[in-house]
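Dropping a structure here in structure tokens format, bear with me for questions.
The values are calculated or read from the model by the stated rules, or taken from the named source; none is laboratory data. Just so we're clear, the structure is a prediction, and the values are computed from it rather than from any experiment. When we count neighbours, we look across all protein chains shown, and the Cβ atoms used for this are built from the backbone with ideal geometry, even at glycine.
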Amino acid sequence: MMSKLFYNPRLLLFSAVFLFYANGLLGQVQRYHLDLEQSQIAWTGEKVTGSHSGTLALAHGFVTADGGLIQAATIQIDMNSLACTDLEGESKESIENHLKNDDFFGVDQHPIAQFDLKLMQPIRATGENAPNFSATGEVRIKGVSQPISFPVRVHFETDRVTLMAQVTVDRTKFGIKYGSGSFFDNLGDRTIYDDFTIDFSLIAVK
């Protein structure tokens, strides 16, 4: 009786068909390219006397997914696109030029900042738009690479994937120490905090 069960041709055929389709669903590696126009990146930096905020533009990037799970991603940011949106006129031009010079991001020598995803792990989402994955990877700013982890919201649609997150970055880990109270004394109200935040909504399409 057992031998007939194990060698039942119909059962074997069903198993073969099931494995074929299951492997197809799980093994379809899809590559998505970041939509440079629809994707948005915003930054905020704070100091003792207030804060400034602005935008950045993508230079290039892609996401690779397998069975609805992101396997790899590379995100390149055009640092020459750095803009301050809370100021106007000469004040806006002045802070943008300062952030682009070597006191901060040195964009002439380092025009691209890059993030490379190493691991994406699911986490329990606490709300409709709450993060549902934890991303771990390496970020390169001003020629210095550092590990980084942050929660991210990932949403798949038929022909696109959206990634949304807020990331806190310690600029001093990349050699950007200007105005840092961690390295200079008696700065008073000229102190600029070490951490800045990046808020992004990235759209990648097939």
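Collect the residues in region 119-128 that are surrounded by fewer than 14 Cβ atoms within 10 Å (Cβ to Cβ) and within 30 Å of Asn80 (Cα to Cα), keeping them in residue-number order.
The one that is surrounded by fewer than 14 Cβ atoms within 10 Å (Cβ to Cβ) and within 30 Å of Asn80 (Cα to Cα): Leu119.
For Asn129, work out the one condition from (1) touching a His at 6+ places or on another chain (Cβ under 6 Å); (2) outside any strand (DSSP E or B) it doesn't fulfil.
Asn129 satisfies all of (1) touching a His at 6+ places or on another chain (Cβ under 6 Å); (2) outside any strand (DSSP E or B) except (1).
Please go through region 166-202 and pick out each residue that is among the hydrophobic types (A, V, I, L, M, F, W, C), farther than 27 Å from Thr64 by Cβ and surrounded by 14 or more Cβ atoms within 10 Å (Cβ to Cβ).
Ile176, Leu187, Ile192, Phe196 - these are the residues of region 166-202 that are among the hydrophobic types (A, V, I, L, M, F, W, C), farther than 27 Å from Thr64 by Cβ and surrounded by 14 or more Cβ atoms within 10 Å (Cβ to Cβ).
Mind listing whichever residues of region 139-165 are farther than 22 Å from Leu36 by Cβ, assigned to a strand (DSSP E or B) and in contact with a Phe, Trp or Tyr (Cβ under 8 Å, 6 or more places away or on another chain)?
Those that are farther than 22 Å from Leu36 by Cβ, assigned to a strand (DSSP E or B) and in contact with a Phe, Trp or Tyr (Cβ under 8 Å, 6 or more places away or on another chain): Val144, Gln146, Ile148, Pro151.
Would a scan of region 91-110 turn up a residue that is exposed (fewer than 15 other Cβ atoms within 10 Å of the Cβ) and under 21 Å from the mean Cα position of the chain (by Cα)?
So far as region 91-110 goes, no, none of its residues is exposed (fewer than 15 other Cβ atoms within 10 Å of the Cβ) and under 21 Å from the mean Cα position of the chain (by Cα).
Given the criteria at pLDDT 95 or above, hydroxyl-bearing (Ser, Thr, Tyr) and either within 28 Å of Val205 (Cβ to Cβ) or surrounded by 14 or more Cβ atoms within 10 Å (Cβ to Cβ) (or both), does Thr158 qualify?
It is false that Thr158 is at pLDDT 95 or above, hydroxyl-bearing (Ser, Thr, Tyr) and either within 28 Å of Val205 (Cβ to Cβ) or surrounded by 14 or more Cβ atoms within 10 Å (Cβ to Cβ) (or both).
Additional query: I need the full set of residues from region 153-174 which are free of Cβ contacts under 8 Å to residues at least 24 places away in the same chain and in contact with a Ser or Thr (Cβ under 8 Å, 6 or more places away or on another chain), in order please. First the steps, then the outcome.
From region 153-174, those free of Cβ contacts under 8 Å to residues at least 24 places away in the same chain are 155, 157-158, 172; that's our starting set.
Within region 153-174, His155, Thr172 meet the criteria.
Of the numbered conditions (1) assigned to a strand (DSSP E or B); (2) without any contact (Cβ under 8 Å) to a residue 60 or more places away in the chain; (3) under 19 Å from Thr55 (Cβ atoms), His110 fails exactly one; give the number of that condition.
Just one mismatch for His110, condition (1).
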